[in-house]
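The structure appears right after this line, and notes come after that.
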Amino acid sequence: MRKTARAVVALLLLSAFGVHAQTGENPWAFNVSPRILGLDLGAGYRMGLTTLWVHVGGGYEGMHYYRQSEELITAAFTGLEPSYDRAEAKWQLGIVQALIPDIEGGSNFLEAHVFYRGRYDRHIFDASTLLDSSGAPDRDGIFQNSLFVALDLNDLHTDPHKVRSGYSAEVSAEWGPGFLFNSVFGSADFLRLNATARGFLPLFDIAAGFPLNLVSAYIGDFVSVDYALGIGAPVPINVRQSFGGISPRTGLGGAVRGLDTGSLDTSLKIVNNFDFRVNLPAIFLPNLVPGMVVYWDMGWYSQVGEGSLSTPAPPSGFVSTIGAGLFINVLDIATLVGYTHYRLVGVNANGSAFTPFTIEFGLQF
């Protein structure tokens, strides 16, 4: 058995060396995504137009739950606490297949993704929280498994001065059937559909030929539509509180900046983010670039298809925010952003439309 295992490992290493020797390229690819208290890692092995990927990650983070008796909390409330902590582990493995490769050596123009996704969430709270009083089958957490497929079109480019241009789009479906060990801890049986697109347009670069960025600017827009349907069980909290796709994001609150993070966690949601970004003078190195961003976000939500609710008709609504922030790209490893937000429609659960300061890892899109 050990000899067989050693032979398999040796074969993989020889295969990797052979690909490298023939093409002059390293077949391995890695990505790292830091969290405030956690880390996500990915490793891919390229074989021609096919890449095998394994992702693992986890973290400990503060979360929020803004529901009471199945009703969304959209204004100030008293009593129970919306905040709780979540310990999370995630894993993912699958294949990315290039359908239209990029002959210039960049990202493929069109790819197909097929993945198995798994996660384990443990919710940590006390009796004073809204989550504890919710009665949701996954209020304590969940062991969740799903199958994910996507088509991804990518013509995005970033120049040496960190100015982005081009466009991308994707469509995806994620299926978490009950029979895929989704009732071991918590409960899941859902189908989620998602469509996402983004685009960037350069405006100016006052020193385009200079090695270090001086001042450059561009605009960008992002739109995503997400619908999750519970089949044999309610849609899990982590699915309601996120937009799906290749790189899921928290929402609708969170996807729309300046809203309570994780709020308006409905089955159907739409977000549009518009950014005006200015890259300021680089600090000694080409990839140590500060900047500023001004944004306008909009969103729409609906509880359609969520089952029996205490209100006669499932509520829906429109939200919008504006804001500004300062950011710094740190060696292309991470981008730190500090924001100030203002809600144009409605107020947050604390009764205020103004959020003086938040800090994020990475620009919104």
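The values are calculated or read from the model by the stated rules, or taken from the named source; none is laboratory data. All of these numbers come straight from a predicted model, not from anything done at the bench. Here Cβ is always computed from backbone atoms with ideal geometry, including for glycine, and neighbour counts include all displayed protein chains.
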Checking F284, F276 in turn, the sole residue that is over 30 Å from I231 (Cβ atoms) and at pLDDT below 95 turns out to be F284
Matching residues in the range 198-257 (touching a strand residue (DSSP E or B) at 6+ places or on another chain (Cβ under 6 Å), of a type in the set (S, T, Y) and surrounded by fewer than 20 Cβ atoms within 10 Å (Cβ to Cβ)) number 2
Note on E61: of the conditions (1) touching a strand residue (DSSP E or B) at 6+ places or on another chain (Cβ under 7 Å); (2) surrounded by 15 or more Cβ atoms within 10 Å (Cβ to Cβ); (3) under 30 Å from D332 (Cα atoms), unmet is (2)
Review point. Is at least one residue of the range 182-199 farther than 21 Å from I328 by Cα, in a strand (DSSP E or B), touching a Lys or Arg at 6+ places or on another chain (Cβ under 8 Å) and at pLDDT 95 or above?
Key: no
* To do: For the range 6-14, state whether one or more residues are over 32 Å from the mean Cα position of the chain (by Cα), farther than 27 Å from G362 by Cβ, modelled with pLDDT under 95 and in a loop (DSSP other than H, G, I, E, B).
  => no
Residues of the range 148-181 being in a strand (DSSP E or B), within 30 Å of I283 (Cα to Cα) and not polar (S, T, N, Q), in sequence order, are D155, L156, H157, R164, G166, Y167
I270: passes all of (1) of a type in the set (V, I, T); (2) under 25 Å from G57 (Cβ atoms); (3) surrounded by 20 or more Cβ atoms within 10 Å (Cβ to Cβ) but (2)
Residues of the range 239-254 being assigned to a loop (DSSP other than H, G, I, E, B), touching a residue at least 60 places away in the same chain (Cβ under 8 Å) and farther than 20 Å from G186 by Cβ, in sequence order, are G245, I246, L252
Exactly one of V163, V149 is surrounded by 15 or more Cβ atoms within 10 Å (Cβ to Cβ), in contact with a Ser or Thr (Cβ under 8 Å, 6 or more places away or on another chain) and under 22 Å from D102 (Cα atoms), and that one is V163
T340 fails exactly one of (1) surrounded by fewer than 18 Cβ atoms within 10 Å (Cβ to Cβ); (2) under 24 Å from Q68 (Cβ atoms); (3) among the hydroxyl-bearing types (S, T, Y), namely (2)
Of V319, V330, the only residue that is farther than 24 Å from V239 by Cβ and of a type in the set (V, I, T) is V330
Kindly establish whether L229 is assigned to a loop (DSSP other than H, G, I, E, B) and closer than 30 Å to S69 by Cβ. no
Checked pairs for the range 341-365, first under 19 Å from F274 (Cα atoms) and at pLDDT 95 or above, second surrounded by fewer than 18 Cβ atoms within 10 Å (Cβ to Cβ) and among the acidic types (D, E), C-beta under 9 Å and 6 or more apart or across chains, list as F365/D221
Q.
Going residue by residue through the range 147-160, is there one that turns out to be free of Cβ contacts under 8 Å to residues at least 40 places away in the same chain and small (G, A, S)?
A. no
